[in-house]
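The values are calculated or read from the model by the stated rules, or taken from the named source; none is laboratory data. Every value quoted in this text rests on a predicted model; they were computed, and no experiment measured them. Note: ideal-geometry Cβ built from the backbone for every residue, glycine included; neighbour counts use all protein chains shown. All accessible areas refer to the heavy atoms of the entire protein, side chains included, with ligands and DNA or RNA removed. Shrake-Rupley method; radii C 1.70, N 1.55, O 1.52, S 1.80 Å.
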Amino acid sequence: MEDATLSAHSAPSDEPASIPVLYVAFEGARPTALSARYSLADVEIVVVGRGTRRDAIASRETGRSILTVTIPDPRMSTRHATLERELGRWILADAGSKNGTFVDGAAIDRIAIKDDTRIEMGHTLFVVRRQMITGELASFDAVQTEPGWLTVDPELAHELAQLRKVAESAVPILVGGETGTGKELIARAVHTFSQRPGELVAVNCAAIPASLVESELFGVRKGAFSGAVDDRPGLIERADRGTLFLDEVGDLAPASQAALLRVLQEREVLPLGSTRAIAVDFRVIAATLHDLDAMVAAGRFRADLLARLAGFRIDLPAMRDRPEDLGILVGAILRRLAPARADRFQLSIEAARAIARHDWPHNVRELEKCLEAAIAMAPTDTIELEHLPPAVRARKASTLSPDQQARRDELIGLLQRHRGNISAIARELGKARMQIQRWIQRYRIDADQYRT
């Protein structure tokens, strides 16, 4: 199926409006410059070029609205390229630039761009995509804020804002997402915002042998079994007045799920070898890379436990689904790894291109290790291609796994049945609308053709 060009469309009555957005995703010449977004809802022409600073200036010429975006990128020309709305489509045209304009890695002169298009100009990566937005979409130039809570994606920003409100309550939170997407970072931020006086106690449910889960979580009294020579409080007791973070909760064995459910219901733990329960006051945050709803349907996870854990749910997107945030992630990591040198770093065009094109299968954790190694190997403040790991230097063709192909086929079937209504699909799958949209973008599905 061919990808459709980026165009406006009329959404179903219960769907938010679709707005084209231009993202400044990543500046290789200024990798700590973070990211920015600019709404193109009322724009007819975008002019992109080199300037003394990053800026976006709106104007009108011969009755047409123009947005002039400037980037302090020495490899960009003063007038590098234009985006122009023509007959409902966006046309990208190189303006005779010295170093060329590239779409998904290929040099172009003039092209009708598709949704979720990645554009390279000089050292800078841009992304153009439609966003389903409720209300007005403001332009936004990112600034430093709490780790893990910054994004230029308006939908993810909305989800994080809701989470920020929930953080100050005792509502249990379930965080979904692939390994390395920052689930523990979110848990630590929620604990900080909650202002609970106790500590955050993190439990990797996948790393505890099934035979030891109850003793680790609930504690042990002296003499409970051979080798129990002292009283030992469990992890839940340690989280009293604080936060219990259950990472990879989907890996708990059925018996452990039942025991945890009792603790959440009764708010007390019974250490092994004890006859007296201990009252505990804790906030629970659970995280998983598994689809717990599917596990419940398959009988592998308790529905009543899921209900206890999922007071508020948020799914963190994989890095490959948030290219517009690459500058935010790179900038934050460089400032953490090398705070004294961060603002002096530059990436060669080859290194910047490799980082922008890599799929990051291991997500933010992989990006952090990549930059850590590059900083150690670079003799100066310029990171070259050879300083990056081989997996990042080698661009591989993107292929779908059998599970991903099955998900893509399922989405197409749902789009056909619901006539492109993303909200209806989200309700049927029990997922956030944002997650459905990200899957559609990831699998390069043209949702417009199913809307009637």
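Things to note:
- Condition check for Ala93: surrounded by fewer than 16 Cβ atoms within 10 Å (Cβ to Cβ) and among the small types (Gly, Ala, Ser): yes
- For Thr192, the requirement of being at pLDDT 85 or above and open to solvent by 70 Å² or more (accessible area, probe 1.4 Å) is met.
- Residue check for Gly413: assigned to a loop (DSSP other than H, G, I, E, B) and either touching a residue at least 24 places away in the same chain (Cβ under 8 Å) or farther than 24 Å from Thr117 by Cα (or both): no
- Hits in the range 272-315 - residues which are open to solvent by 20 Å² or more (accessible area, probe 1.4 Å), among the aliphatic types (A, V, I, L, M) and part of a loop (DSSP other than H, G, I, E, B): Ala277, Leu289, Ala298, Ala310
- Some residue of the range 74-84 being of a type in the set (A, V, I, L, M, F, W, C), open to solvent by 20 Å² or more (accessible area, probe 1.4 Å), in contact with a Gly (Cβ under 6 Å, 6 or more places away or on another chain) and within 18 Å of Arg353 (Cα to Cα): no
- In the range 392-402, the residues that are open to solvent by less than 50 Å² (accessible area, probe 1.4 Å) and at pLDDT 85 or above: Val392
- Ala170 meets each of the listed conditions (1) assigned to a helix (DSSP H, G or I); (2) more than 25 Å from Gly327 (Cα to Cα) apart from (1).
- Within the range 316-349, the set of residues being among the aliphatic types (A, V, I, L, M), within 19 Å of Glu184 (Cα to Cα) and assigned to a helix (DSSP H, G or I) comprises Met319, Ile328, Leu329, Val330, Ala332, Ile333, Leu337.
- Pairs are defined by a Cβ separation below 6 Å, a sequence spacing of at least 6 or placement on different chains, a first member in the range 155-167 that is surrounded by fewer than 18 Cβ atoms within 10 Å (Cβ to Cβ), and a second member that is of a type in the set (Val, Ile, Thr); the pairs so defined are Ala157/Thr151.
- For the range 336-358, a residue qualifies if it is in contact with a strand residue (DSSP E or B) (Cβ under 6 Å, 6 or more places away or on another chain) and open to solvent by less than 30 Å² (accessible area, probe 1.4 Å), and the qualifying residues are Leu347, Ala351, Ala356.
- Scanning the range 428-438 for residues that are out of contact with any His (no Cβ under 9 Å at 6 or more places or on another chain) and over 14 Å from Arg407 (Cα atoms) returns Gly430, Ala432, Arg433.
- Some residue of the range 34-45 being touching a strand residue (DSSP E or B) at 6+ places or on another chain (Cβ under 7 Å), under 30 Å from Asp343 (Cβ atoms) and at pLDDT 95 or above: no
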